[in-house]
Amino acid sequence: MTDTAADTWTVAGRTFRSRLIVGTGKYKDFEQNAAAVEASGAEIVTVAVRRVNVSDPKAPMLTDYIDPQKITYLPNTAGCFTADDAIRTLRLAREAGGWDLVKLEVLGEARTLYPDMRETLKATEILAKEGFLPMVYCVDDPIAARQLEEAGAVAVMPLGAPIGSGLGIQNKVTVRLIVEGAKVPVLVDAGVGTASEAAVAMELGCDGVLMNTAIAEARDPIRMARAMKLAVEAGRDAYLAGRMAQRRYADPSSPLAGLI
Amino acid sequence: MAAELSLIVNGEPRRVAPGSSIADLVAGIGLDPKKVAVEHNGEIAPRSTLADVALSDGDVLEIVHFVGGG
């Protein structure tokens, strides 16, 4: 039996045990959000950068509920449709939190929230030159993933299906091709809807999974957070264990010899 | 006594006393400077310099923080 406790992954020199990254959007309240993060076992959470409400400066803040000293905040660029907007957002994020590890996403259109790869590649190059460590949301295209890696992405994060859709991993072939070709960690970002789909991502050999809506919009987000934790661990173990070969027909598990 | 300075803070007009720094503005709004980041006329204003940067009439500021997101 392999020691599963030693199974860690490393992105840009930082090592983590949990392979599940969770978002912090769409929760009923901060308490539920914090409880779900705890149940998920996640060591990294994604966060957005937005204007402070200057008319209500004493309103509770995310940092009051999820301690950035204990959980790594991964600032995102959600809502950015150009490289310039994304870079501006992450410069502010770095000042707000002091972190270089960031999630870059440059969106192409509101309907699908599909990434604009031309702008994403441009932003990756500039961010890497400015000393950022961008983990990059991208299309499930092995060539695009390689180009991002060459541009300085510290992780590539192909979508499994459109953001917030919960449709599961639509193209297992391209996700596997990305995993086989990448020298940086690969995480499925977006599209996972339920636990079995998180396990699929891990069985394909991904280093991790990033999700938000699947947990936040479950009837019981805290239970779903735990389900995702277990699914990611199960999928990872199954990948490491190496699945059996598939056969077209039955093969009995009990011996034929000695049959009465 | 010089006239108050007119600023745009997070898209809204706001007035501050002449001679105010960015730190004065942040404190005046009631925010903890350790929890926010400030952009001053399109450039990042490093937290360590907020008390040293004097505001001018017509300055545009963005004050942001982390919120829930995916």
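Details
- Hits in segment A:1-33 (condition: touching a Phe, Trp or Tyr at 6+ places or on another chain (Cβ under 8 Å), within 13 Å of chain B (Cβ to nearest Cβ) and either open to solvent by 30 Å² or more (accessible area, probe 1.4 Å) or under 16 Å from residue A:202 (Cβ atoms) (or both)): A:30, A:31
- Restricting attention to segment A:45-97, the residues that are in contact with a Phe, Trp or Tyr (Cβ under 8 Å, 6 or more places away or on another chain), in a helix (DSSP H, G or I) and closer than 26 Å to residue A:120 by Cβ add up to 6.
- Within the set A:221, A:185, the sole residue that is away from chain B (no Cβ under 14 Å) and of a type outside the set (Phe, Trp, Tyr) turns out to be A:185.
Rundown of residues vs (1) charged (D, E, K, R); (2) touching a Leu at 6+ places or on another chain (Cβ under 7 Å); (3) touching a residue at least 12 places away in the same chain (Cβ under 8 Å); (4) in a loop (DSSP other than H, G, I, E, B), yes/no style:
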| site | (1), (2), (3), (4) |
| --- | --- |
| B:13 | no, no, no, no |
| B:48 | no, no, no, no |
| B:64 | no, yes, yes, no |
| B:70 | no, no, no, yes |
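- Residue tally, condition closer than 23 Å to residue A:198 by Cβ and either open to solvent by less than 10 Å² (accessible area, probe 1.4 Å) or not β-branched (Val, Ile, Thr) (or both), over segment A:119-143: 7
- Pairs are defined by a Cβ separation below 9 Å, a sequence spacing of at least 6 or placement on different chains, a first member in segment A:38-52 that is without any contact (Cβ under 8 Å) to a residue 12 or more places away in the chain and open to solvent by 30 Å² or more (accessible area, probe 1.4 Å), and a second member that is of a type in the set (A, V, I, L, M) and in a strand (DSSP E or B); the pairs so defined are A:50/B:64; A:50/B:67; A:51/B:63; A:51/B:64.
- A single entry from A:210, A:230, A:240, A:204 fulfils the requirement of being surrounded by fewer than 19 Cβ atoms within 10 Å (Cβ to Cβ), of a type in the set (A, V, I, L, M), closer than 23 Å to residue A:177 by Cβ and in contact (Cβ under 8 Å) with a residue 12 or more places away in the chain: A:240.
- Residue match in segment A:58-66 (condition: of a type in the set (Lys, Arg), over 22 Å from residue A:184 (Cα atoms) and out of contact with any strand residue (DSSP E or B) (no Cβ under 6 Å at 6 or more places or on another chain)): yes
- Which numbered condition residue A:57 misses (of (1) without any contact (Cβ under 8 Å) to a residue 12 or more places away in the chain; (2) out of contact with any Gly (no Cβ under 7 Å at 6 or more places or on another chain)): (2)
- Flag for residue A:124 being within 23 Å of residue A:163 (Cα to Cα) and more than 21 Å from the chain's Cα centre (by Cα): no
- Being open to solvent by less than 20 Å² (accessible area, probe 1.4 Å), touching a helix residue (DSSP H, G or I) at 6+ places or on another chain (Cβ under 7 Å) and at pLDDT 95 or above is a property that residue A:90 has.
- Set A:169, A:178, A:143: member being in contact with an Asp or Glu (Cβ under 9 Å, 6 or more places away or on another chain) and either in a helix (DSSP H, G or I) or within 19 Å of residue B:69 (Cα to Cα) (or both): A:178
Residues checked against (1) among the acidic types (Asp, Glu); (2) within 25 Å of residue A:63 (Cα to Cα); (3) more than 11 Å from chain A (Cβ to nearest Cβ):
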{"residue": "B:11", "(1), (2), (3)": "no, yes, no"}
{"residue": "B:16", "(1), (2), (3)": "no, no, yes"}
{"residue": "B:19", "(1), (2), (3)": "no, no, yes"}
{"residue": "B:32", "(1), (2), (3)": "yes, yes, no"}
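- Members of segment B:3-31 that are open to solvent by less than 50 Å² (accessible area, probe 1.4 Å) and among the acidic types (Asp, Glu): none
- Flag if residue B:39 is under 10 Å from the mean Cα position of the chain (by Cα), in contact (Cβ under 8 Å) with a residue 12 or more places away in the chain, under 19 Å from residue A:56 (Cβ atoms) and not in a loop (DSSP other than H, G, I, E, B): no
- Matching option when the condition is under 23 Å from residue A:80 (Cβ atoms), modelled with pLDDT of 95 or more and aliphatic (A, V, I, L, M), among A:36, A:48, A:42: A:48
- Residue A:103 part of a helix (DSSP H, G or I) and not aromatic (Phe, Trp, Tyr): no
The values are calculated or read from the model by the stated rules, or taken from the named source; none is laboratory data. On a predicted model such as this, the values are computed, not experimentally measured, just so you know. Please note: Cβ atoms are built from the backbone with ideal geometry, for glycine as well, and neighbour counts cover all protein chains shown. When the accessible area is computed, the model is the full protein with side chains, heavy atoms only, and any ligands, DNA or RNA have been set aside. Shrake-Rupley method; radii C 1.70, N 1.55, O 1.52, S 1.80 Å.
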